[in-house]
Amino acid sequence: MALAVIPARGNSKRIPRKNIRPFAGKPMIAWPIEVALASGSFDRVIVSTGDDEVADIAQAHGAEVPFRRPAELSHDKVPTRPVMVHAIEQVQALHGPVEHVCCIYPTAPLLGADTIRSSKQELIQTGADFVFSCTTFPYPILRALRITDDGSMEMIWPEHLKTRSQDLEQAYHDAGQFYWGRADAFLEGKPMFGPGSRPWVLPRHLVQDIDTPEDWIRAELAFQVLRGRSDDRLSL
């Protein structure tokens, strides 16, 4: 079985109820649910939540909510891995063995169905433990600065002061959209960012964290532009 798990708490401190807040005309969580279903990559698309309103909205948009996430896994300090382990174990108890799992964050409206399909093939063809979304930093991190205790500035890596930017190593960061993996890799606690993982590199225009109201506005504007473009290089 191939399983999509969308972990969605009801509470959010910086943007209240952000997982179900209206985004481009629909609850935020509706977009990744619809993309997961449209990808044709899953036998089941489930939402892991302990919140009844989130569950109702998720089901209205086509996801399954076959269990409620327990309270001890629903507060804001719980990492994603134990939530995923709980979901996999619950689904296996209800429906049988799970082979491949994709964790899709509910605030990933820029994620496209083609990306889900292609990254799944990467997981299967390479035999990796995980394939996860990442993107490049917009500026060379080896040129990063710090503010010192006395308020002045200094380079963190001063040895690269005169290194040409094109000669600096390219750095990447987690895009926070999806994490494909083998079910046993999730259950065994294998590291997401370890030697058994492969990156799925996204262009920066398809990556937007949504942690502040400003992030939300930027993501909605990007979404509207990308949905309206016919250029395949910019489409979702």
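The values are calculated or read from the model by the stated rules, or taken from the named source; none is laboratory data. The structure presented is a predicted model; accordingly, all values stated were derived computationally and were not measured. Note: ideal-geometry Cβ built from the backbone for every residue, glycine included; neighbour counts use all protein chains shown.
Observations on the model:
- All positions within the range 96-123 that are over 14 Å from ALA4 (Cα atoms) and of a type in the set (D, E, K, R): ASP114, GLU122
- Pairs with Cβ under 9 Å, 6+ apart, first in the range 96-113 and over 26 Å from ILE20 (Cβ atoms), second modelled with pLDDT under 95 and part of a loop (DSSP other than H, G, I, E, B): none
- Among the residues of the range 119-140, those that are polar (S, T, N, Q) and closer than 17 Å to CYS103 by Cβ comprise SER119, SER133.
- Selection of first residues in the range 165-176 that are farther than 12 Å from PRO138 by Cβ and of second residues that are of a type in the set (Gly, Ala, Ser), restricted to Cβ pairs under 7 Å at least 6 apart or on distinct chains, gives the following pairs, ordered by first then second residue: ALA175/SER133.
- Filtered residues of the range 22-51 (kept if free of Cβ contacts under 8 Å to residues at least 40 places away in the same chain and either on the phi < 0 side of the Ramachandran plot or among the aliphatic types (A, V, I, L, M) (or both)): PRO22, LYS26, PRO27, ALA30, ILE33, GLU34, LEU37
- Qualifying residue in the range 174-185 (condition: within 21 Å of MET84 (Cα to Cα), surrounded by fewer than 18 Cβ atoms within 10 Å (Cβ to Cβ) and either touching a strand residue (DSSP E or B) at 6+ places or on another chain (Cβ under 7 Å) or modelled with pLDDT under 95 (or both)): yes
- Consider the range 17-54 and keep the residues that are over 22 Å from GLU99 (Cα atoms) and among the small types (Gly, Ala, Ser). The one that is surrounded by the most Cβ atoms within 10 Å (Cβ to Cβ) is ALA30.
- Going through (1) surrounded by 10 or more Cβ atoms within 10 Å (Cβ to Cβ); (2) free of Cβ contacts under 8 Å to residues at least 24 places away in the same chain; (3) under 28 Å from GLU99 (Cβ atoms); (4) not hydroxyl-bearing (Ser, Thr, Tyr) one by one, MET155 falls short only on (3).
- Residue match in the range 82-102 (condition: among the charged types (D, E, K, R), part of a helix (DSSP H, G or I) and more than 15 Å from the chain's Cα centre (by Cα)): yes
- Among the strands (runs of 3 or more DSSP E) confined to the range 103-187, the ones with at least 2 residues that are closer than 30 Å to ARG9 by Cβ are located at 130-136, 172-182.
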